[in-house]
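Trainee: Let me begin by handing over the structure; questions about it come next.
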Amino acid sequence: MSLDYLWTGFGVALQWHNLMYGLAGCFLGTLVGALPAVGPINGIALLLPLLYSMGVPADSTMILLAGVYYGAEYGGRISSILLNVPGDAGAVMTALDGNPMARQGRAAEALAISGISSFVGGMIAVVGLTFFAPLLGQLAIGFGPAEYFVLMVFAFATLSSMVGHHPVKTMIGCVIGLALTTIGLDPTSGAYRFTFDEPELSSGIEFIILVIGLFSISEVLFMLEHQYHGRLKPIAVGRGFPSLATLRSCVGTVLRCSGIGFVVGVLPGTGASVASAVSYTTEKRLLDRGTFGKGDPRGLAAPEAANNAAAGGAFVPMLTLGVPGSGTTAVMLGALMLYNIMPGPQLFTERPDIAGGLIASMYIGNILLLLLNLPMVHVFVRLLTVPNWVLIPGILVLSFLGVYSMYASVLSIYMMLGIGVLGYAARKLDFDLAPIVLGFVLGRVAETNLRNALAISGGEVSILFESTISLVLWGMAVLVVLAPWYLHRRRRAAMAAAPDGTAA
Amino acid sequence: MHTADSPGQAGLTARLPGVVLFGFAVVYGIAGTQIEYAFSSDPLGPRSFPVILSLLLAVLAVWYALRPGNAEPWPRGRLLARLVGLLVLSALSATLYVPLGFPLATLMMCAGTAILFDATPRQAIACGVGNAALWYGVFVHLLGVPLPVGTLFGG
């Protein structure tokens, strides 16, 4: 296996302007992660149209957007620890032990431990990505249309069983996302589908409009509804650094959780929030002597190592297979497609500047983030106190400008607002929005591959079950769906056996 | 946690989204069977994928209606008025983008939004002017993206 692509990539990532884009991405990412109002998906959705209409080249765009993504996993911990409000979905678990530590006057220590854990998790994931991605890519060279289609089925299966607490709603989200891609011109037959003779609809629903509406607009509506009355005051950060003994006690946790996080991240469909939840519960089961949830440094290190490792791992299936490992990488996949770059095994050989540049930039970015998040953490703490009436109008203007600068039509802004209302309603009904985006990004590819597969077989459905790869993927899909159901039943049985409810 | 384990207790409103989704699946499926095309090089054609999706969605929608799971209560009263206000304000300023121009439309939207988020009138004006000037400057002068300045002013 050759790592030539990585050396090419360092050549790209170390160019002066790309270092600047990387730094900007890491800074914005930490900020976006720290602010409870915006998460990495919002940040990326708002930045993408700006970069695109500025004419920023694809490699720099990906470097910046990736920086926002994994930077947000660093930043999310700041508000979890200091406000007890997670800055983004991956940082929910961080609050469980991080906030108690801060309330005990150990805020600086908590920020340092979580920053270092984030760094180790992030670095382990990049190394994993460097070696694992080309390997998976080589495996994927053998994929035909049938295998690709089954791969997507597997992706939707993992998504439905692991994301959100209501699998049916997750599946509905996927199907709606898939259905939205059937709007517009069908390239194979030249048929116009569901366009209602509207010329605006003939090219389908634009990705940027969908993502900004779904995430930014619905988030603004949510913020208005859940406005915090009386400003939240972050806990003061003093000076202090964890003792060597404390750091040493976290080593095992950080390494284990980086591993868990990376694997969960690689699984298509599951990202940082699943990874941090899985690793926190694992560590709690392994190590808890009644200290978890009361400010145990290991309970803080676990989710932070995991969510950063997951962010790195999520790039593996996105780059090599074109199947995103999380909602945010789904948006990044959409970004690549906007630049007419198709991810897949050939990305590493044909466009090493993109794949390698992105991965190389992540080595540099994690080091930058450690600097931003340890000595400079006070800057972000101060930004946490920005009131909503300053923040939200800015987000609204950027949403409008993002759509308007891409399509120069007021109609597309109305569409964005409409999608935002639907997104808001979906969230009220306890739907997760990431499956919709995932379905939308994969819809065309899934349909094309299914149709190509059946064109090859002359309409025989059995082609989907012929190759070993397909059968393994089907098997994994069934396993992923049945495993949680089986575990749930076992847990219920255990609960019934211990009626006082002590068995968990 | 609350309604998921006691499906019999969920009210009609909780099931309504399932019914709506089912209706949508039916309409989508029927429309899918009527897609017109002259020729397709593959055996499935442009109709099959939408029809398969509509069947899947119909099954899932029934499932949803039987077990709606958790949901937050819908907004009402003053809160609903605020949410609608924000949307009307946004739509209005989008409508005024071309005739009034970006700076004025944005000033109006940002000041109004700031008020909705509990800013004082002075803070709201500052927010509106600041955002309009900042983003106009960034887009037109820094990024070179043209923005409408208002046909009313001969722009």
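Any read-out appearing in this document is the output of simple, stated calculations on the displayed coordinates, not a laboratory observation. Computed from a predicted structure; not experimentally measured. For neighbour counting, all protein chains shown are included, and Cβ atoms are generated from backbone atoms with ideal geometry for every residue, glycine included.
Trainee: Based on DSSP H runs of at least 4 residues, each adding -39500 (n - 2.57), what is the mean residue ellipticity at 222 nm of chain B after dividing by all its residues, to the nearest 500 deg cm²/dmol?
Mentor: That calculation yields -21000 deg cm²/dmol at 222 nm.
Trainee: Okay, moving on. From a point 7 Å beyond the Cα of A:Ile367 in the direction of its Cβ, which residues of segment A:6-37 have a backbone N at a distance under 18 Å?
Mentor: The answer is A:6-27.
Trainee: Once both axes come from the Cα atoms, what is the angle between helix B:121-136 and the longest principal axis of chain B, in degrees from 0 to 90, rounded to 10?
Mentor: Tilt relative to chain B: about 80 degrees.
Trainee: I would also like to ask the following. Is there a simple number for the mean count of other chain Cβ atoms within 10 Å of the Cβ of residues in A:327-337, and what is it?
Mentor: 0
Trainee: Once the piece of chain linking A:Gln15 and A:Val472 is laid out straight, how much longer is it, given 0.36 nm per residue of separation minus the C-alpha distance between them?
Mentor: Going from the current span to full extension adds 160.3 nm.
Trainee: What FRET efficiency would be calculated for the residue pair B:Ala133, A:Ile456, taking the C-beta separation as r and a Förster radius of 60 Å, to the nearest 0.05?
Mentor: 0.55
Trainee: Mind checking which of A:Met416, A:Asn388, A:Gly458 is farthest towards the positive end of segment A:357-462's charge dipole, using Cβ charges of +1 (Lys, Arg) and -1 (Asp, Glu) about the Cα centre?
Mentor: Among A:Met416, A:Asn388, A:Gly458, the one farthest towards the positive end of the dipole of segment A:357-462 is A:Asn388.
Trainee: Going by average Cβ density within 10 Å per residue, which order do the peptides A:100-111, A:55-66 take, highest to lowest?
Mentor: Ranking, from highest mean packing down: A:55-66, A:100-111.
Trainee: Shape of segment A:198-322 from its Cα gyration tensor (a ≥ b ≥ c, root eigenvalues): rounded if a/c is under 1.5, otherwise prolate when a/b > b/c, or oblate?
Mentor: oblate
Trainee: Where does chain A land at 222 nm, in deg cm²/dmol rounded to the nearest 500, when only DSSP H runs of n ≥ 4 count, each adding -39500 (n - 2.57), divided by all residues?
Mentor: -23500 deg cm²/dmol
Trainee: Just tell me how shielded B:47-58 is by partners: mean number of partner chain Cβ atoms within 10 Å of each residue's Cβ, no decimals.
Mentor: 5
Trainee: I would also like to ask the following. Among A:Val92, A:Val386, what is the fewest-to-most ranking by other Cβ atoms within 10 Å?
Mentor: Least crowded to most crowded, the residues run A:Val386, A:Val92.
Trainee: Next up: Hey, how many Å between the Cα centroid of segment A:317-369 and the Cα centroid of segment A:259-286?
Mentor: The distance from the Cα centre of segment A:317-369 to that of segment A:259-286 comes to 21 Å.
Trainee: By counting other Cβ atoms within 10 Å of each Cβ, how are A:Val168, B:Val149 ranked from fewest to most?
Mentor: B:Val149, A:Val168
Trainee: Let me ask another. Straight-line reach from A:Lys428: which lysines have a Cα under 22 Å away, not including same-chain ones fewer than 8 places off?
Mentor: A:Lys169
Trainee: Then there is this: What is the mean number of Cβ atoms from other protein chains located within 10 Å of the Cβ atom of each residue in peptide B:134-144, rounded to a whole number?
Mentor: The shielding value for this peptide is 3.
Trainee: Which three extents, in angstrom, do the Cα atoms of chain A have along their principal axes, listed largest first?
Mentor: 67, 55, 49
Trainee: Below 18 Å, Cα to Cα, which aspartates and glutamates can A:Lys284 reach? Residues fewer than 8 away in the same chain don't count.
Mentor: A:Lys284 reaches A:Asp97, A:Asp296, A:Glu304.
Trainee: Now for a separate question. From the alpha carbon gyration tensor of segment B:77-153, can you work out the equivalent ellipsoid semi-axes (sqrt of 5 times each eigenvalue) and give them in Å, largest to smallest?
Mentor: 24, 15, 9
Trainee: Continuing with this model, one more query. I'd like the distance between the alpha-carbon centres of segment A:175-205 and segment A:28-103, rounded to an integer number of Å.
Mentor: About 33 Å separates the Cα centre of segment A:175-205 from the one of segment A:28-103.
Trainee: Could you please rank A:Glu283, A:Glu350, A:Glu304, placing first whichever residue has the fewest other Cβ atoms within 10 Å of its Cβ?
Mentor: By the 10 Å Cβ count, ascending, the order reads A:Glu350, A:Glu283, A:Glu304.
Trainee: Given a Förster distance of 35 Å, report the FRET efficiency between A:Leu232 and B:Thr13 from their Cβ-Cβ distance, rounded to the nearest 0.05.
Mentor: Given R0 = 35 Å and the Cβ-Cβ separation, E is 0.60.
Trainee: Dipole magnitude of the protein assembly as shown about its Cα centre, charges +1 at Lys/Arg Cβ and -1 at Asp/Glu Cβ only, in debye to the nearest 20?
Mentor: For the protein assembly as shown, the charge dipole is close to 2000 debye.
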